[in-house]
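Here is the structure we will look at, set down as structure tokens.
The values are calculated or read from the model by the stated rules, or taken from the named source; none is laboratory data. These figures come from a predicted structure and were not determined experimentally. When we count neighbours, we look across all protein chains shown, and the Cβ atoms used for this are built from the backbone with ideal geometry, even at glycine.
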Amino acid sequence: MSGQMRLATPLSSETTTADEDLLLVAIHEERESFAQTQQVSPRIVDLMKRAGVYRMLVAKQFGGDEASPAQFLKLIERISIADGSVGWVASFGVSAMYLASLPIATLETIYAEGPDVIFAGGLFPPQPARHAPGGLEISGRWKFGSGCTGADLIGVGITLADGKASPLPRMAVMPSGQVRIERNWDVIGLQGTGSHDLIVDKVVVPEGWTFIRGGSSSLDSPLYRYPSMAFAAQVLAVVGLGVARAALDEISHMAGGRKSITGAPVLADRAYVQTEVAKAEAALRSARAFFYEVTEDAYADLVAGDALSTDKIALLRLASTHIARVGADVARMAYTLSGTTGIYAAHPLARYAQDAMVVVQHAFLSEGTWQNAGRVLLGLESAPGFP
């Protein structure tokens, strides 16, 4: 079993900060414990703050970096190479984009003590909220609260019985101390994400602390005109990209190692291994190039003051589903090549394969994305909520 930290091939030319290096080293020291505790440790959460994960997409007026989408995605990719669960939790730094739909006065309160605010949430199933003195009274249970154990704020999906139906979900935001976390995250992959159930009992949330997820932003700059729902799919897909990179590096490292107990040649000397590794490298790099090409092209349009076409937004969604699928295929290939070595629960390749398979199960990366993107590219009317 390999516990060594190795640089991923496509990222070797990219520079990292000292704080990011500290984070990556700490992840490798602790990653075996994440599945057992069903969460990322408080130390890792603190190091993610120091590395800029949570301020990266916060507006400069609130002390944030207001970085480009590609910069954030590459950071999540690097973290995901170290560990998929940490990458998944870090990806919700994208929530700064959702929160930007809150009123400016609310944002000023949220970031009053600095931009490193951690938000987690559960959208589904949306629960009815009723008007009460001071705002909306909310009760219910929500699933998939990834990163909730380290959050400062938590959002939950709500519906307004006396309001107009919206094609996009509404979320109510509250301090994490007002939410009970039921620790029931028992899954085969991304086990350390802490995606537990969230329970709220008669909490009153001011209406100024609610927003439409995917709605218009209160901030006006290129970053906040970037399509937030497409970005939400991208930050999850890039976790699969990082995991696949780690899996491919792991099998390449193993291939020149110990001989088979059957007396067969080492993996690196077998023709089928050489072929599969080459195919996987080409597929992963090609999908990665497409992914970042459409990301940077879309953001360049926004910086130039242009509106994004439906076609370009559809390409963002398409590239996300594609990279997640390729990532899962590559991780599975690496696991298969490992033979019996990789079947042990504690082996990195077992974890990579399981993590990558869970990524593609997310609704934002579902099979329906292919059809929806195809409709747009063929000039047909897009499906509701897409792209």
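Give me a count of the residues in region 175-199 that are among the aliphatic types (A, V, I, L, M) and either touching a Pro at 6+ places or on another chain (Cβ under 7 Å) or surrounded by 23 or more Cβ atoms within 10 Å (Cβ to Cβ) (or both).
Within region 175-199, residues that are among the aliphatic types (A, V, I, L, M) and either touching a Pro at 6+ places or on another chain (Cβ under 7 Å) or surrounded by 23 or more Cβ atoms within 10 Å (Cβ to Cβ) (or both) number 3.
Scan region 214-239 residue by residue and report those that are out of contact with any Ser or Thr (no Cβ under 8 Å at 6 or more places or on another chain) and farther than 18 Å from Asp65 by Cβ.
Pro227, Met229, Ala232
Quickly run through region 20-29 and pick out the residues that are over 14 Å from Gly84 (Cβ atoms) and surrounded by 15 or more Cβ atoms within 10 Å (Cβ to Cβ).
Once the filter is applied, which keeps residues that are over 14 Å from Gly84 (Cβ atoms) and surrounded by 15 or more Cβ atoms within 10 Å (Cβ to Cβ), region 20-29 yields Glu20, Leu23, Ala26.
Return yes or no: is Leu136 part of a strand (DSSP E or B), on the phi < 0 side of the Ramachandran plot and outside the structural domain of Gly87 (by TED's automatic domain parsing)?
Criteria met by Leu136.
When Leu308 is evaluated against the numbered criteria (1) surrounded by 15 or more Cβ atoms within 10 Å (Cβ to Cβ); (2) not in a loop (DSSP other than H, G, I, E, B), which criterion, by number, is the only one it fails?
Against the list (1) surrounded by 15 or more Cβ atoms within 10 Å (Cβ to Cβ); (2) not in a loop (DSSP other than H, G, I, E, B), Leu308 comes up short only on (2).
Picking from Ala324, Ala383, which residue would you name as being aliphatic (A, V, I, L, M) and touching a Lys or Arg at 6+ places or on another chain (Cβ under 9 Å)?
Checking each option against the conditions leaves just Ala383.
Whether any residue in region 208-223 is in a loop (DSSP other than H, G, I, E, B) and surrounded by fewer than 15 Cβ atoms within 10 Å (Cβ to Cβ) is what I want to check.
So far as region 208-223 goes, yes, one or more of its residues are in a loop (DSSP other than H, G, I, E, B) and surrounded by fewer than 15 Cβ atoms within 10 Å (Cβ to Cβ).
Pick from Val45, Val40: which is among the β-branched types (Val, Ile, Thr), in a loop (DSSP other than H, G, I, E, B) and crowded, with 20+ Cβ neighbours inside 10 Å?
Criteria check complete, one pass: Val40.
Looking at the structure I just gave you, is Asp186 outside any loop (DSSP other than H, G, I, E, B), farther than 19 Å from Gly327 by Cα and not hydrophobic (A, V, I, L, M, F, W, C)?
no
Condition check: of a type in the set (Phe, Trp, Tyr), in a strand (DSSP E or B) and closer than 14 Å to Arg213 by Cα. Does Phe144 satisfy that?
Judged against the criteria, Phe144 is not a match.
Conditions (1) assigned to a loop (DSSP other than H, G, I, E, B); (2) aliphatic (A, V, I, L, M); (3) more than 30 Å from Glu29 (Cα to Cα), marked per residue:
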{"site": "Trp88", "(1), (2), (3)": "no, no, no"}
{"site": "Glu108", "(1), (2), (3)": "no, no, yes"}
{"site": "Val117", "(1), (2), (3)": "yes, yes, no"}
{"site": "Gly122", "(1), (2), (3)": "no, no, no"}
{"site": "Gln127", "(1), (2), (3)": "no, no, yes"}
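Could you identify the single residue in Thr295, Thr369, Thr321 that is farther than 30 Å from His253 by Cβ and not aliphatic (A, V, I, L, M)?
Among Thr295, Thr369, Thr321, only Thr369 is farther than 30 Å from His253 by Cβ and not aliphatic (A, V, I, L, M).
In the set His362, His347, which member is out of contact with any His (no Cβ under 8 Å at 6 or more places or on another chain), closer than 15 Å to Arg317 by Cβ and not acidic (Asp, Glu)?
From the options His362, His347, the qualifying one is His362.
Could you figure out which of (1) without any contact (Cβ under 8 Å) to a residue 12 or more places away in the chain; (2) surrounded by fewer than 17 Cβ atoms within 10 Å (Cβ to Cβ); (3) more than 23 Å from the chain's Cα centre (by Cα) isn't true of Ala300?
(3)
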